[in-house]
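The values are calculated or read from the model by the stated rules, or taken from the named source; none is laboratory data. Given the structure is predicted, the values throughout are model-derived calculations rather than measurements. Every residue, glycine as well, gets a Cβ built from its backbone with ideal geometry; the counts of neighbours run over all protein chains shown.
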DNA sequence: GAGGACGATTGAATCGATATAACTCGAATC
DNA sequence: GATTCGAGTTATATCGATTCAATCGTCCTC
């Protein structure tokens, strides 16, 4: 097994000092054209690739940014990550993606990893409301930006969508098409997105004077969980069933849709369904799914820009909160029956 | 801004030497219970988190594994990554995921990043057939395992599904339901998966004595590309259109399905469609999509295990090739019209 | 009570790139 | 001719964790 070449080897071959090699690599100081050429050739012939661990140790910070999402299996988050990645590439930084799967322990373990790596910054959609670990990272000098979560708690910049408003939009839509017995299907209420969307939905109901919202809670917001929740509804006497469902995300909604359709329930005639996120697959579902859209890529871009500014120290002293507006995408699954 | 504590600070507070702190951190040598307790307390009070760059510099290798996939937006690859991640976690390694987006330049840039990081190993679904960079990584001592790609070219272990067989299965199914004018919609033929699936499909046709397969090539295998390809078919006179479509992956197939349905083409009556990968959303599509299933999680697990064995040196000297069998999932989109 | 034996602990050397102060050498200035 | 200047280059200290040979105690054995 070949031992990798280091700056010293490159310096020896190019007949210069290691300092000069470093200057070529980082273009920090002027290097004479002839010298630079010799160094580059030496790098080429030795197949030298800089050891980033050494660089990082000296510089004290990585060129990587950590990102924690709630579910990599959810296209919403992968879209978000792509927006972030593209923007980070502009300042030649790269992304390490961590998947908490809505689990506090997994989140903790990834944050520990990120801290060991001395990431340059952190983008996070936290599982819960506690921010101890985040405070600690910041005290260490690592900027943190909250994603898909308003930064009211703790002082962090944030990029978010008004989830309460989104919940209102969804439920108002169900009311508008004449539904009076809606059910909310969501993940753990500890997840802020879920509780905010629920609150938004409830606020509409109380104003419209409709019976309180029935709530079905599942620990994890996957399509499987949606199917499972639908089974619970199917076990009810048809007269007891809701006439409409608001699911906290599209994966849940698609799972519900699939289970209901399979059981012979007509969507939207018997039960209307609206989801959240407007992932790509919503529009192409068996019954095209109504949803509340979030401007995913734009959010990713905004988050990366906020973070980059904080890392580079070009951010002001104030924490920024970029809030996007959700938007109703009405489709077949909430059509008014004819 | 607080300066982070290091082993020296911990050692001072616990009244031991730095060597002992290291022994506690890595449990390499026996440490007296009392001493260990003092060290752990010091770590706790100082909020010490090991600087992995320093560790890595000394040890010469990272605890991270790099993984290059063709498309993070494709659930097939995120499922694969989750299988890998779960398995790596067993040996407390973590994953850096890189998305080449089927682009050789992006792939190159990620591989460079991985090399700078001195990743412990690499899992890759390469964009093309060239293996120069991979050879180089291996020469440096970094094990490489090919994923979703048979390792015939270059000597690498691999985990794959028999793509040619998958192509055969798909097209045989179309022939079985009586279709005689199939069209193949795929990504760039430089992508091995695409060309193999195509070859498999063609082999069925020549045996069945059916007219050669029409091929539509798109540079990228996304749902948008699928819609775009469908437009091309829709521009044809109906009598010229195919009676069936085999798409190289489900994203393409779902895009095609959506565009055709919107244009009033009946699926499967006018045109039958079969995809590839059997991603979750295939079954819940407007017309449930037939597909060729790959055992995604199992592949991820197998790949991670092969790689781990090579990293730990417990692998034999022979390169291993794990080949999974694809499986037909027949659904509504290829039903025989009644 | 001397000599091992063994477990626990120490401390200096080390990994590779970068930062910095010092230096060289030729040109420009007076 | 001495001095200043500055671009280019060099040599060395440094970052923080790990390693390993050396050392320290303590108990055991004869």
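Assorted remarks:
- Taking the listed residues A:137, A:95, A:113, the one that is facing chain B (nearest Cβ under 10 Å), touching a helix residue (DSSP H, G or I) at 6+ places or on another chain (Cβ under 8 Å) and in a helix (DSSP H, G or I) is A:137, with no other qualifying.
- Looking only at residues in segment A:77-92 that are more than 8 Å from chain B (Cβ to nearest Cβ) and in contact with a helix residue (DSSP H, G or I) (Cβ under 6 Å, 6 or more places away or on another chain), the one that is surrounded by the fewest Cβ atoms within 10 Å (Cβ to Cβ) is A:91.
- Only helices (runs of 4 or more DSSP H) whose full extent lies in segment B:241-338 are considered here, and the ones with at least 2 residues that are farther than 23 Å from residue B:228 by Cα are B:296-312.
- Test for residue A:160: is it surrounded by 18 or more Cβ atoms within 10 Å (Cβ to Cβ) and more than 14 Å from chain B (Cβ to nearest Cβ): yes
- Options B:50, B:58: the member that is within 9 Å of DNA strand D (Cβ to nearest atom) and in contact (Cβ under 8 Å) with a residue 24 or more places away in the chain: B:50
- Take the conditions (1) touching a residue at least 40 places away in the same chain (Cβ under 8 Å); (2) within 16 Å of residue A:307 (Cβ to Cβ); (3) within 14 Å of another protein chain (Cβ to nearest Cβ); residue A:142 misses just one of them, which is (1).
- Those residues of segment A:62-85 which are in a loop (DSSP other than H, G, I, E, B) and closer than 15 Å to residue B:56 by Cβ, in sequence order: A:62, A:63
- Note on segment B:46-60: among residues that are under 16 Å from residue B:120 (Cα atoms) and buried (at least 18 other Cβ atoms within 10 Å of the Cβ), the one that is nearest to DNA strand C (Cβ to nearest atom) is B:57.
- Subset of segment B:227-248 (residues that are surrounded by 23 or more Cβ atoms within 10 Å (Cβ to Cβ) and within 14 Å of another protein chain (Cβ to nearest Cβ)): B:230, B:247
- Residue in segment B:315-322 that is over 24 Å from the mean Cα position of the chain (by Cα) and at negative phi present: yes
- Selection within segment B:174-203 - assigned to a helix (DSSP H, G or I) and crowded, with 21+ Cβ neighbours inside 10 Å: B:174, B:192, B:193, B:194, B:196, B:197, B:198, B:200, B:201
- Residue check, residue A:51 at pLDDT 90 or above, out of contact with any helix residue (DSSP H, G or I) (no Cβ under 6 Å at 6 or more places or on another chain) and away from chain B (no Cβ under 11 Å): no
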